[in-house]
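To start, the structure itself, in structure tokens.
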Amino acid sequence: MIVAGAGIDQPRFVFELARTLQWPIIADQRSGCRVSASVEQEAVIVSTADVMLRDIDTAMQLKPEVILRIGDPPVSKVINAWLKDCGAPYCAISTTPSLIDPDNRVQLHMVGTPSQICMEVVRGSTKRTDPSWPNEWKRRENIARSTIDKELAAATEITEPFIANRVLTAMPVSSNLVLSSSMPIRDVEWFAAPRDGVKVFANRGVNGIDGVVSTAVGIALASRKPTALLIGDVAMMHDINGLINITERAVDLRIVIIDNNGGGIFSFLPQSSSLDRDRFEKLFGTPHNTDFVSLLAGHRVECVVAETKTQFDAAIERTGLAAVLVRTRRDDNVVEHARINAAVASALTAG
């Protein structure tokens with residue numbers, strides 16, 4: 001099994017390695033490897049691993065014999081836990097001697113340029129001809145992907161998973177997508193379909209919520225390419241001053257703000273049920289009741305409010321400097337995630 005994370009210089013060599021070894025690729029959004037079948041050139045790309053591996057039977061049946069991680073660890077906690085517990089020998093490729101290995105699972109660490117190491121492994125390997133292992137992953141990926149797409153389309157109201165998927169599909173070829181920490185990067189990781197021609201960026205680490213707006217502005221300025229920022233309300237407030245003089249910078253930047261009036265990720269964590277409601281809201285939910293339309297107007301940025309899927313579709317297609325705000329409810333978001341995950345588990349069981 002190949003696990004592709006951020007830091008891969010040329011994904012095509014990862015695809016070649018996967019085809020040679022007949023190994024599927026679990027592709028993190030930041031890896032550049034989560035692309036469509038036309039680009040992946042017969043390598044099996046898995047975009048739904050987080051949702052699939054929540055199903056216990058699937059997680060047990062798909063245990064690999066060897067793990068090769070290329071780049072940083074994946075965003076997904078579910079995938080990382082599965083990699084930790086499956087017991088397979090774990091190899092990692094990184095560009096620096098410093099290795100991110102919080103579970104102390106890596107047994108072989110190779111330092112170098114990923115494309116060069118992949119080429120050398122391909123040269124020294126005999127091409128395998130039995131596709132049964134990657135094809136089983138492909139079969140389940142197709143079931144999970146079609147189920148997710150069906151459930152996203154079935155939701156009558158605009159939801160956070162829908163937004164994550166729609167933002168990525170709306171971007172033109174040769175564009176950028178910047179994902180904020182907390183739920184935006186996770187929702188894109190969990191629910192967004194493979195996409196060609198969009199480079200995905202994200203700040204990771206303890207202070208990943210800081211400086212996200214400034215990062216998006218910098219990427220739009222440096223690349224001079226259409227850029228979208230998917231960001232939550234709390235992260236937006238942390239770096240709203242990144243928009244100072246933004247109207248004078250001539251950037252093509254689409255800002256999508258998900259406003260659930262607080263820290264949405266904490267509603268998925270144990271404290272949401274272990275604390276009484278008022279205490280949870282004070283310590284973790286942290287509602288702020290901010291008027292983002294007025295706040296962005298202070299920076300001379302027009303922000304439209306999308307209350308339906310149709311309104312969001314129209315708003316995200318705008319070019320130039322534009323912002324769209326979607327108001328959601330944190331409790332409803334937990335229910336929506338559970339609904340999609342349950343549908344995928346049911347489809348995999350029936351599949």
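Being of a type in the set (Val, Ile, Thr) and either within 19 Å of residue 347 (Cβ to Cβ) or not in a loop (DSSP other than H, G, I, E, B) (or both) is the filter here, so list the residues in the stretch 45-96 that pass it.
Passing the criteria: 45, 46, 48, 51, 56, 58, 67, 70, 78, 79, 93.
With the requirement that a residue be among the hydrophobic types (A, V, I, L, M, F, W, C) and more than 15 Å from the chain's Cα centre (by Cα), what does the stretch 138-170 give you?
Result: 143, 144, 152, 153, 154, 155, 158, 170.
Can you go through 251, 234 and tell me which one is β-branched (Val, Ile, Thr) and closer than 24 Å to residue 169 by Cα?
After applying the criteria, what remains is 251.
Based on this model, can you work out whether residue 348 counts as farther than 22 Å from residue 187 by Cα, surrounded by 13 or more Cβ atoms within 10 Å (Cβ to Cβ) and of a type in the set (A, V, I, L, M)?
Considered against the rule, which asks whether it is farther than 22 Å from residue 187 by Cα, surrounded by 13 or more Cβ atoms within 10 Å (Cβ to Cβ) and of a type in the set (A, V, I, L, M), residue 348 comes out as no.
Got a number for residues in the stretch 286-318 being within 30 Å of residue 275 (Cα to Cα), exposed (fewer than 15 other Cβ atoms within 10 Å of the Cβ) and touching a helix residue (DSSP H, G or I) at 6+ places or on another chain (Cβ under 8 Å)? Explain how you work it out, then say what you get.
First, pick out the residues of the stretch 286-318 that are within 30 Å of residue 275 (Cα to Cα): 286-292.
With exposed (fewer than 15 other Cβ atoms within 10 Å of the Cβ) added as a condition, the list becomes 286-289, 291.
From what's left, touching a helix residue (DSSP H, G or I) at 6+ places or on another chain (Cβ under 8 Å): 286-288.
Of the residues in the stretch 286-318, 3 are within 30 Å of residue 275 (Cα to Cα), exposed (fewer than 15 other Cβ atoms within 10 Å of the Cβ) and touching a helix residue (DSSP H, G or I) at 6+ places or on another chain (Cβ under 8 Å).
Taking interchain pairs and intrachain pairs at least six residues apart, which have beta carbon atoms under 9 angstrom, with the first residue in the stretch 111-128 and assigned by TED's automatic domain parsing to the domain that holds residue 11 and at positive phi and the second surrounded by 15 or more Cβ atoms within 10 Å (Cβ to Cβ) and not hydroxyl-bearing (Ser, Thr, Tyr)?
112/93
Within the stretch 159-211, can you find the residues that are closer than 19 Å to residue 260 by Cα and hydroxyl-bearing (Ser, Thr, Tyr)?
Scanning the stretch 159-211 gives 159, 180, 181, 182.
Name the residues in the stretch 225-247 that are assigned to a loop (DSSP other than H, G, I, E, B), touching a strand residue (DSSP E or B) at 6+ places or on another chain (Cβ under 7 Å) and free of Cβ contacts under 8 Å to residues at least 60 places away in the same chain, would you?
225
Given the criterion outside any loop (DSSP other than H, G, I, E, B), more than 26 Å from residue 190 (Cα to Cα) and over 22 Å from the mean Cα position of the chain (by Cα), identify the matching residue among 222, 250. Can you show your working first?
Working: 250 fails: outside any loop (DSSP other than H, G, I, E, B).
Among 222, 250, only 222 is outside any loop (DSSP other than H, G, I, E, B), more than 26 Å from residue 190 (Cα to Cα) and over 22 Å from the mean Cα position of the chain (by Cα).
Considering only the stretch 112-133, how many residues are at pLDDT 95 or above, under 30 Å from residue 340 (Cβ atoms) and surrounded by 13 or more Cβ atoms within 10 Å (Cβ to Cβ)?
1
Anything in the stretch 268-317 that is in a helix (DSSP H, G or I), free of Cβ contacts under 8 Å to residues at least 24 places away in the same chain and aliphatic (A, V, I, L, M)? List them, or say none.
The answer is 283, 297, 314, 315.
With the requirement that a residue be acidic (Asp, Glu) and either assigned to a loop (DSSP other than H, G, I, E, B) or modelled with pLDDT of 95 or more (or both), what does the stretch 23-44 give you? Reasoning before the result, please.
As a first pass, look at the stretch 23-44 and keep what is acidic (Asp, Glu): 28, 40, 42.
28, 42 - these are the residues of the stretch 23-44 that are acidic (Asp, Glu) and either assigned to a loop (DSSP other than H, G, I, E, B) or modelled with pLDDT of 95 or more (or both).
Counting only residues that are among the aliphatic types (A, V, I, L, M) and modelled with pLDDT of 95 or more, which one in the stretch 174-187 is surrounded by the fewest Cβ atoms within 10 Å (Cβ to Cβ)?
My answer is 178.
Anything in the stretch 189-200 that is touching a strand residue (DSSP E or B) at 6+ places or on another chain (Cβ under 8 Å), buried (at least 20 other Cβ atoms within 10 Å of the Cβ) and modelled with pLDDT under 95? List them, or say none.
194
Kindly establish whether residue 36 is of a type in the set (S, T, N, Q) and buried (at least 19 other Cβ atoms within 10 Å of the Cβ).
Spelling it out, it is not the case that residue 36 is of a type in the set (S, T, N, Q) and buried (at least 19 other Cβ atoms within 10 Å of the Cβ).
Have a look at 12, 30 and point out the one that is in contact with a helix residue (DSSP H, G or I) (Cβ under 9 Å, 6 or more places away or on another chain), within 17 Å of residue 193 (Cα to Cα) and of a type in the set (D, E, K, R).
30
The values are calculated or read from the model by the stated rules, or taken from the named source; none is laboratory data. Being a predicted model, the structure only gives us computed values, none of them experimental. Backbone-built Cβ (ideal geometry, glycine too); neighbour counts: all protein chains shown.
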